[in-house]
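Shown next, in structure tokens, is the structure this report addresses.
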Amino acid sequence: MAPPSAATRRKLQRKFRLRGFTLKVDALEEAAAFLERFPDAEDDALDLLLDELDKEPLQSSILDRDAVRRVVALLVEAEEAVDAASPAVTSARSALRVVDAFLVPRFHYDPIKKVFYEHTGRLAIHGEAGDKASLYRDRYQVLLQRLSRDKYFSKPAFDTVVAEDTSCEITSIQSLIGCTGRRWIMGVISQLEEHQFYLEDLTGAVPIDLSNAKITSGFFVENTVIVAEGELLSNGIFQVNTCGFPPLEDREASLSLLMGLDFFGGGVIPTEETLRLSSLEKKAVNDMFVILSDVWLDNPETMEKLAVVLDGYDSVEVVPSLFVLMGNFCSRPCNLAFNSFEELRLQFGKLGEMIAARSRLKEHSRFLFVPGPDDAGPSKALPRCALPKYLIEELQKHIPNAIFVSNPCRVKFYTQEIVFLRQDLLYRMRRSCLIPPTTEETSDPFEHLVATITHQSHLCPLPLTVQPIIWNYDHCLRLYPTPHTIVLGDKSEQKAFKYTGITCFNPGSFANDSTFAAYRPCTKEVELSALEG
């Protein structure tokens, strides 16, 4: 075995020293040999090794070969047990976990203890007035605790003399009274009086003037949380000079502070398991997801196009692991005037026959169905529950393992977190915008949309009058910590955009434009596709 390089030695000694350990030469070689097993995930492997050593009842903080070897043996044994398992255990089928929005855990933030705690007990679908207030308060608290860690907005640990004009510390709205000069405030944009917008935080509200404000990218709509810089005028109005959304926080930084809490849903994965899954994810080069939005089952032309797509993927060497079919599943809204439910049920049955006729797809691919905004369901409010059982029974006869889930829904593929939403969000955001979006960084509306939802840590930060949300289930639409990928099914043109490491794309409207998307989770690559003709 070749001795470890000087860089590896320094890295190991530094990391072990930070945890209070000193390495003997033979122990260092043992640790380096363990890292060589994970060339693509050295840092994760090292953190895992240190975590396990912390748990060991060690006699001394000076580690010899035996102490390190004992822990390495346990970790390697766990990995080899997995590699020796049958292919079925490590297949994409078992790597895929689908999380229904109504099963996502809810967390509240305690600003005094500065920790999140999980809500226990039932959540009523029909909330009370206090639940609506909690919706806004919880959204605000999530963003405020994130902002408090940002180096530009956090208060200095030592009260060094800081010039007022260089300090970006947030002032509460209640404290503005009697203040002069430039101040930074953070709050929710609210229209408490007609034609007069206010900025509201947990302490109070102040009327704002945005007419001359310089803004960052994104759609500034009512209900969004903004950070504004300006001054309080003598007439009591806060004149905004510059404003933007709360800065983003790196996913890893958020996770390290949440101490293993399961914000995404689908269960907490132990560190050892995360390392193993991360390794498997990198090897899953053949896995691919195909996403289609607006699959109109009552439209013969759409069904013909779908047959072409299915034939194409049925004939490739490795079939896609997952097909995500998003609504609307009917060309007209399934509202009170809709009386063709029996017909729609039969059309779902025909779709089942179509899939079953492609034996390779039926056997090796999974099919996930996400309802659209005009599909059958109890209400238009988000999150929407899965398609009614009556409609899907015929399809399930042909495809028993088809998955019917809420809108939005979440998918975990090994360690990767993917969020799906089917909503015509872009049109509504543009209609509800209070200030024309800036064109300094981009003039692409989709890029403005992505900036809005990621900075707001919320899939749908529209006014509740524009898009109702079930008050007690607003947490299901949160994007905190930021997921790896967000799929926004929208009737607007297909687009893909990578923003601060987050992959976002709209597969387009299959019924209208013959467009769809293929996504490779291993590389996070999006392939925007369309049928010709």
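Among the residues of region 411-429, write down those that are touching a His at 6+ places or on another chain (Cβ under 7 Å) and open to solvent by less than 10 Å² (accessible area, probe 1.4 Å). Even if it seems obvious, please write down each step before you answer.
Taking region 411-429 as the starting set, the residues that turn out to be touching a His at 6+ places or on another chain (Cβ under 7 Å) are 416-418.
If the condition is that a residue be touching a His at 6+ places or on another chain (Cβ under 7 Å) and open to solvent by less than 10 Å² (accessible area, probe 1.4 Å), then 416, 418 are the ones that fit.
Please go through region 483-526 and give me each residue that is over 22 Å from residue 445 (Cβ atoms) and not aliphatic (A, V, I, L, M), ordered by number.
So the first thing to find is which residues in region 483-526 are over 22 Å from residue 445 (Cβ atoms), and the list is 484, 518, 520-525.
Correct list: 484, 520, 521, 522, 523, 524, 525.
For residues that are open to solvent by 30 Å² or more (accessible area, probe 1.4 Å), over 30 Å from residue 522 (Cα atoms) and not in a strand (DSSP E or B), tally how many sit in region 1-29.
Residues meeting the conditions: 16.
Please determine whether any residue of region 358-366 is part of a loop (DSSP other than H, G, I, E, B) and aliphatic (A, V, I, L, M).
No, region 358-366 contains no residue that is part of a loop (DSSP other than H, G, I, E, B) and aliphatic (A, V, I, L, M).
Can you spot a residue in region 37-45 that is part of a helix (DSSP H, G or I), out of contact with any Ser or Thr (no Cβ under 8 Å at 6 or more places or on another chain) and touching a residue at least 60 places away in the same chain (Cβ under 8 Å)?
Step one: of region 37-45, the residues part of a helix (DSSP H, G or I) are 42-45.
Going one step further and asking which of them are out of contact with any Ser or Thr (no Cβ under 8 Å at 6 or more places or on another chain), we end up with 42-43, 45.
Adding the requirement that they be touching a residue at least 60 places away in the same chain (Cβ under 8 Å) leaves 45.
Within region 37-45, one or more residues are part of a helix (DSSP H, G or I), out of contact with any Ser or Thr (no Cβ under 8 Å at 6 or more places or on another chain) and touching a residue at least 60 places away in the same chain (Cβ under 8 Å).
Given the condition part of a loop (DSSP other than H, G, I, E, B), at pLDDT 95 or above and not aliphatic (A, V, I, L, M), answer yes or no: does some residue in region 389-405 qualify?
no
Yes or no, residue by residue, for (1) in contact with a helix residue (DSSP H, G or I) (Cβ under 8 Å, 6 or more places away or on another chain); (2) farther than 30 Å from residue 123 by Cβ; (3) in contact (Cβ under 8 Å) with a residue 24 or more places away in the chain:
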residue	(1), (2), (3)
450	no, no, yes
456	yes, no, yes
461	yes, no, yes
466	yes, no, yes
472	yes, no, yes
475	yes, no, yes
501	yes, yes, yes
509	no, yes, yes
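Determine which member of the set 258, 306 is open to solvent by less than 20 Å² (accessible area, probe 1.4 Å) and over 30 Å from residue 394 (Cβ atoms).
It is 258.
Within region 406-424, can you find the residues that are over 11 Å from residue 99 (Cα atoms), assigned to a strand (DSSP E or B) and not hydrophobic (A, V, I, L, M, F, W, C)?
Once the filter is applied, which keeps residues that are over 11 Å from residue 99 (Cα atoms), assigned to a strand (DSSP E or B) and not hydrophobic (A, V, I, L, M, F, W, C), region 406-424 yields 416, 422.
Considering each residue of region 202-250, count those that are in a loop (DSSP other than H, G, I, E, B) and either touching a residue at least 60 places away in the same chain (Cβ under 8 Å) or charged (D, E, K, R) (or both), and give that number.
Number satisfying all stated conditions: 17.
Restricted to region 192-201, and to residues that are part of a strand (DSSP E or B) and in contact with a strand residue (DSSP E or B) (Cβ under 6 Å, 6 or more places away or on another chain), which residue is most open to solvent (accessible area, probe 1.4 Å)? Before the answer, list the steps.
Taking region 192-201 first, the residues part of a strand (DSSP E or B) are 192-193, 196-200.
Now restrict to residues that are in contact with a strand residue (DSSP E or B) (Cβ under 6 Å, 6 or more places away or on another chain): 192, 196-200.
On the way: 192: 97, 196: 48, 197: 48, 198: 31, 199: 0, 200: 66 Å².
Residue satisfying both the conditions and the ranking: 192.
Of all the residues that make up region 334-349, how many are out of contact with any Phe, Trp or Tyr (no Cβ under 8 Å at 6 or more places or on another chain), outside any helix (DSSP H, G or I) and open to solvent by less than 90 Å² (accessible area, probe 1.4 Å)?
Total satisfying the criteria: 4.
Between 352, 312, which is buried (at least 20 other Cβ atoms within 10 Å of the Cβ), small (Gly, Ala, Ser) and over 28 Å from the mean Cα position of the chain (by Cα)?
The conditions single out 352.
Residue-wise test of (1) of a type in the set (A, V, I, L, M, F, W, C); (2) in contact with a strand residue (DSSP E or B) (Cβ under 8 Å, 6 or more places away or on another chain); (3) over 30 Å from residue 468 (Cβ atoms).
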| site | (1), (2), (3) |
| --- | --- |
| 313 | no, yes, yes |
| 325 | yes, yes, no |
| 337 | yes, no, no |
| 345 | no, no, no |
| 354 | yes, no, yes |
| 400 | no, no, yes |
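Can you spot a residue in region 470-492 that is farther than 20 Å from residue 141 by Cβ, among the aromatic types (Phe, Trp, Tyr) and within 17 Å of the chain's Cα centre (by Cα)?
Scanning region 470-492, I find no residue that is farther than 20 Å from residue 141 by Cβ, among the aromatic types (Phe, Trp, Tyr) and within 17 Å of the chain's Cα centre (by Cα), so the answer is no.
For region 388-410, which positions are touching a Pro at 6+ places or on another chain (Cβ under 8 Å) and open to solvent by 10 Å² or more (accessible area, probe 1.4 Å)?
Across region 388-410, the qualifying residue is only 410.
When region 92-133 is examined, which residues are found to be without any contact (Cβ under 8 Å) to a residue 24 or more places away in the chain, in a loop (DSSP other than H, G, I, E, B) and not β-branched (Val, Ile, Thr)?
Across region 92-133, the qualifying residues are 113, 119, 121, 122, 126, 128.
Is there a residue being in contact with a strand residue (DSSP E or B) (Cβ under 9 Å, 6 or more places away or on another chain), at pLDDT below 95 and not in a loop (DSSP other than H, G, I, E, B) anywhere in region 434-456?
No, there is no match, as no residue in region 434-456 is in contact with a strand residue (DSSP E or B) (Cβ under 9 Å, 6 or more places away or on another chain), at pLDDT below 95 and not in a loop (DSSP other than H, G, I, E, B).
This table checks each residue for (1) closer than 25 Å to residue 374 by Cβ; (2) open to solvent by less than 10 Å² (accessible area, probe 1.4 Å); (3) part of a helix (DSSP H, G or I); (4) of a type in the set (Asp, Glu).
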position	(1), (2), (3), (4)
482	no, no, no, no
497	no, no, no, no
505	yes, yes, no, no
518	no, yes, no, no
527	no, no, no, yes
532	no, no, no, yes
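The values are calculated or read from the model by the stated rules, or taken from the named source; none is laboratory data. Remember, it's a predicted structure, so these values are computed and weren't measured experimentally. We place every Cβ from the backbone using ideal geometry, glycine too, and count neighbours over all the protein chains shown. Surface accessibility is based on the protein's heavy atoms, side chains included, excluding ligands, DNA and RNA. Shrake-Rupley method; radii C 1.70, N 1.55, O 1.52, S 1.80 Å.
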